[in-house]
1. So between residue 322 and residue 173, what do we pick up on full extension, going 0.36 nm a residue minus the alpha carbon distance?
2. Among the helices of the chain (complete DSSP H runs), which have Cα atoms covering no less than 15 Å along the helix axis and a Kyte-Doolittle mean of at least 1.0?
3. Which of 248, 126 comes first, and how do the rest follow, when ranked by fewest Cβ neighbours within 10 Å?
4. What ranking do 200-208, 17-25, 69-77 get when scored by the average of other Cβ atoms within 10 Å per residue, highest first?
5. Once you place label points 7 Å from the Cα toward the Cβ at residue 91 and residue 123, how far apart are they in nm?
6. How large is the convex hull of the Cα atoms of the chain per residue, expressed in Å³ as a whole number?
7. If packing is taken as the average number of other Cβ atoms within 10 Å across a peptide's residues, how do 109-122, 217-230 rank, most packed first?
8. For the range 70-138, report the % of Cα-Cα distances exceeding 20 Å.
Amino acid sequence: MKPDRRLIRSVLSLPTAPFHEEAVAAFVNNFAKKLRLRWRQDRYGNLKIIYKKGKGNSPFALTAHMDHPGFEVVRGGRRPIVRLLGGVPDQYFGKARVMVWNDGVVAKGKAAKRLDKKKRRFVLRLKQPVRRGAFGTFALPAVRFRGSNIYTKAADDVINVALLLNFLQGLVRGRNKAHVIFLFTRAEEVGFVGALGVAKRKWIRKEIPIIVLEASSAKAGKVKIGGGPVLRVGDKASTFSHAVDLWLQAAAQDIPHQRALLPGGRCEATVFTQKEYRAGCLALPLGNYHNTGPKNYAPEFVSLKDYRNMLGWLMALTQTASPQKIRKGKLKELDRIFQKLNRRLKRNSKG
């Protein structure tokens, strides 16, 4: 399965911010319709698409969040007051050039001054007025393919929305036998609001393993961009399911990958783990996390090679025994080792 550059470009060009994921959600819905698949939306605005072909396949869920740090307008006009949402680097926002999406029209301008440090409020200076409730981001290129990398205004986590749709499209075209639930969540950047809604309403059954796809700071996790997607065993808050860890390792035997605890932030796998789901995480190593460049705000970037290998990893999951079976196999292996060597322990204890 190959990266679909046209699809990647289309998804990464969409505007988004926490609580303002409408454009991304609409794209996902229309994409599902074109593939003749049903999509559902819960009361929180999360989306679910189910791919099921063949019998006897153990279901698993893949999820990516549709938002990226940004800001929203709390007082409109040409000099609007905005509030930052999520991990926007405050230190770079003071004189940043910005784009505001206002009822389908983009208003450009720049930040004029900080108004309230605690509430993270700034005054903008724009070329045209905007309404209260509009939202925006840094003025950065939507997407550029340079060498082996993809540069974009919002990789975390919109690149994985594109990747999941790329994978779904491949399953449909290949008529692959699998049972995969595709979940797209909202407002991750401001407190996992969408994921908490999924868990609260049990929109995914507890017995179904959930794999969270993330774009995580390569620098904080000491992993290499281009070194392969990362089996993320945990984040700054917790570690994830051991059974799912073993399952992901088993699927990745022939795929270049890395394995690490990535402490640069928290991800939805922590939420699902704490809500007693069997959850894990696969991450694309990310540069300029949350648009934080070395000296100023900058595009985020990921490796196209890592993206391609992530697609291969997801396909391998459809052909790998379930987490329960993998775990039972590992336990039997440990038991065989014990049975082989326990006689020696007994002899030593008698001596």
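1. Details: separation 149, 0.36 × 149 = 53.64 nm, distance 2.39 nm.
The span from residue 322 to residue 173 would gain 51.3 nm if fully extended.
2. Values: long enough: 22-34 (18 Å, 0.22); 158-174 (24 Å, 1.46); 304-317 (20 Å, 0.20); 323-350 (40 Å, -1.66).
Span-like helices in the chain: 158-174.
3. Working: 248 27, 126 21.
So the ranking, lowest neighbour count to highest, is 126, 248.
4. Numbers: 200-208: 13.2, 17-25: 22.1, 69-77: 19.8.
Descending packing order for the listed peptides: 17-25, 69-77, 200-208.
5. That separation, rounded to one decimal, is 2.5 nm.
6. Details: hull volume 56.1 nm³, N = 351.
Looking at the chain, the number lands at 160 Å³ per residue.
7. Details: 109-122: 14.1, 217-230: 20.0.
Peptide ranking by packing, descending: 217-230, 109-122.
8. On the way: 293 of 2346 pairs.
Distances greater than 20 Å cover 12 percent of the Cα pairs.
Every number here is computed from the coordinates shown, using simple stated rules; none is lab data. Source: prediction; values computed, not measured. Glycine gets a Cβ as well: all are built from the backbone with ideal geometry, and neighbour counts include every protein chain shown.
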